[in-house]
Structures are given as C-alpha cells and as structure tokens.
Amino acid sequence: MDWNKFISPKNQGVEVSLTTYCNANCPLCARTDPFTGVKKESIPLLHISFDVYKKFVDEIKPDPDDSILLCGDYGDPMMHPKVEDIIDYTIGKYNSYVSMDTNGGVRSPDFYRRIAEKHQDKVYINFSIDGFNSATNEQYRVDVDFDKAIENLKTFAKYNPWSCTWQMLLFTYNYHQVDQVAEFCEQHKIFFDFKMNTRRWKFRKIEDEAVKQFVKQKQEKYKYLMPNAN
C-alpha cells in the first residue's frame, strides 16, 4: 500500500468520531473551555457503541481500497474501550484501511505492537506530539504523558515502519526542536509533518518573521520525511 497516496485528502475516505473522552486538555481543542481549561460542560462524555459502529460500517460496505479515519475531533479514539475490536472488525470483514489520530498517551506499547503485527499496512496512525520532551509537549498537550506517547510511537513504528506520522504543531517555545524530531523520525522510520500553529494563544503563536523563515527552511529540508512528499 502506498501510504503517501492513501493519506492525501482525496483518498482519506470516511471520518468517524468514536468518543468524546480524552486524556488531554489541549487549550485550543474544540472540546476545551477556554476559560476553565477543561472539557466544555455542553459536551457529554459518550462512546459510540460497538453495535452502532458495526451497523454503520455494514451499511456503507467499504471496499478494500477504501479507508476509515477514526478521528479525534472531540476525543481520542484510543480512549474507546472497544477500539481494538473496531479496528479488527473493519479490517477483518472488509479488508479496508483504518487510520487514527491520537496524542499517543493512551494504551500500552503491547496494544500498539498487537495492532501493528495483526494488520500491518492496513493501519496508519497520526501521533500528535508537540515537542521533543515533556516540558515542551505538555505546554499544549496538557496532561499527556510524553514518555508513554514516545514509547507507543516507537513500538508501533518498530512493528509497522513507515505507517505512522509524528504530527507537530510549532509554537514559540518548541520550533527549535524540529531537527531533533526529524532525526528521531528518520531513525525509527516515521513520517514527520510539522507546521506553525495559526491560532492566537497566550502569545505563543509564531509572529517573528525570522522564525517563520526558519520554519520554511526546515520544511524544505525535511520534505522527504513528510507523508505526501512523493
């Protein structure tokens, strides 16, 4: 499977939001109250039932070349208690591709090894990690265990190389770590996709033109690691 083709927008397929549960409290997330820094009261905590998901998939009957994105709009799909069953069912019955968005701080390395070994290139994961250490990552990915996220990322990439992306939002406090992340990704056979945050947040949006130019230069330098480079 050519993942560079798969993850381009025109081939992304159907998006499914499995849950509103999340281990993180990212300040700019749609589920976070900007005044309290925690989940908005208007968003109930819910998991889609496994039976409802199966009914949905059975109705759309995806082809082997189709893909389903388990997205993280209002929650992290890895928080769903049946996420492994959902992956198994989708791939096992229809042989379709499954991609997921996660902050990486949920579940164990054994879980990531298991789904990588079972499904190989039928599974793709986007890990949203915004720094090369806990001090930088946890400024935005609030309450995410950085060390756990890195171990989960490394494990999945070990058993399923070039089938995941490290996605990194750049702020004023972490853009200088791009080289370190790129080196890590190349070593572990992980795609690397980084871009500047475009929303204002406590003066951490990159405004300096010199820094913007620096980021553009790094994007050019590491374009071979970006998932849609080829």
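Scan the stretch 218-228 and give yes if some residue there is in a strand (DSSP E or B) and either farther than 24 Å from residue 71 by Cβ or hydrophobic (A, V, I, L, M, F, W, C) (or both), otherwise no. For the stretch 218-228, residues in a strand (DSSP E or B) and either farther than 24 Å from residue 71 by Cβ or hydrophobic (A, V, I, L, M, F, W, C) (or both): absent. Tallying residues that are within 28 Å of residue 139 (Cβ to Cβ), surrounded by 12 or more Cβ atoms within 10 Å (Cβ to Cβ) and β-branched (Val, Ile, Thr) within the stretch 16-56 yields 5.
Looking only at residues in the stretch 57-71 that are surrounded by fewer than 24 Cβ atoms within 10 Å (Cβ to Cβ) and not charged (D, E, K, R), which one is farthest from residue 166 (Cα to Cα)?
Going residue by residue through the stretch 57-71, those that are surrounded by fewer than 24 Cβ atoms within 10 Å (Cβ to Cβ) are 57-67, 69, 71.
If we keep only those that are not charged (D, E, K, R) too, we end up with 57, 60, 62, 64, 67, 69, 71.
Numbers: 57: 28, 60: 30, 62: 27, 64: 26, 67: 20, 69: 16, 71: 15 Å.
Once the filter is applied, the top-ranked residue is 60.
Of 165, 172, all but one fail to be of a type in the set (Ser, Thr, Tyr) and assigned to a strand (DSSP E or B); the exception is 165.
From the list 189, 195, the lone residue that is within 19 Å of residue 71 (Cβ to Cβ) and without any contact (Cβ under 8 Å) to a residue 40 or more places away in the chain is 195. Scanning the stretch 105-149 for residues that are of a type in the set (Ser, Thr, Tyr), over 16 Å from the mean Cα position of the chain (by Cα) and under 17 Å from residue 165 (Cα atoms) gives no hits. Considering only the stretch 116-127, state which residues are out of contact with any Phe, Trp or Tyr (no Cβ under 8 Å at 6 or more places or on another chain) and part of a helix (DSSP H, G or I). Result: 118, 119, 120.
For the stretch 1-101, please list each of the helices (runs of 4 or more DSSP H) lying entirely inside it that holds at least 2 residues being modelled with pLDDT of 90 or more, within 26 Å of residue 111 (Cβ to Cβ) and not β-branched (Val, Ile, Thr). Full working, then the answer.
Numbers: elements: 3-6, 50-60, 83-94.
Counting at least 2 such residues, we get 50-60, 83-94.
Taking the criterion of being surrounded by 11 or more Cβ atoms within 10 Å (Cβ to Cβ), of a type in the set (Lys, Arg) and farther than 19 Å from residue 153 by Cα, the residues of the stretch 185-215 that qualify are 195, 204, 205, 212.
Run down 110, 143, 130 and say which single residue is of a type outside the set (A, V, I, L, M), in a loop (DSSP other than H, G, I, E, B), under 22 Å from residue 77 (Cβ atoms) and out of contact with any strand residue (DSSP E or B) (no Cβ under 8 Å at 6 or more places or on another chain). Break it down stepwise before answering.
On the way: 110 fails: in a loop (DSSP other than H, G, I, E, B); 130 fails: out of contact with any strand residue (DSSP E or B) (no Cβ under 8 Å at 6 or more places or on another chain).
Within the list 110, 143, 130, the selection yields 143.
The values are calculated or read from the model by the stated rules, or taken from the named source; none is laboratory data. Since we're looking at a predicted model, the values are computed, not measured. Here the Cβ is made from the backbone with ideal geometry for all residues, glycine too, and neighbour counts use every protein chain on show.
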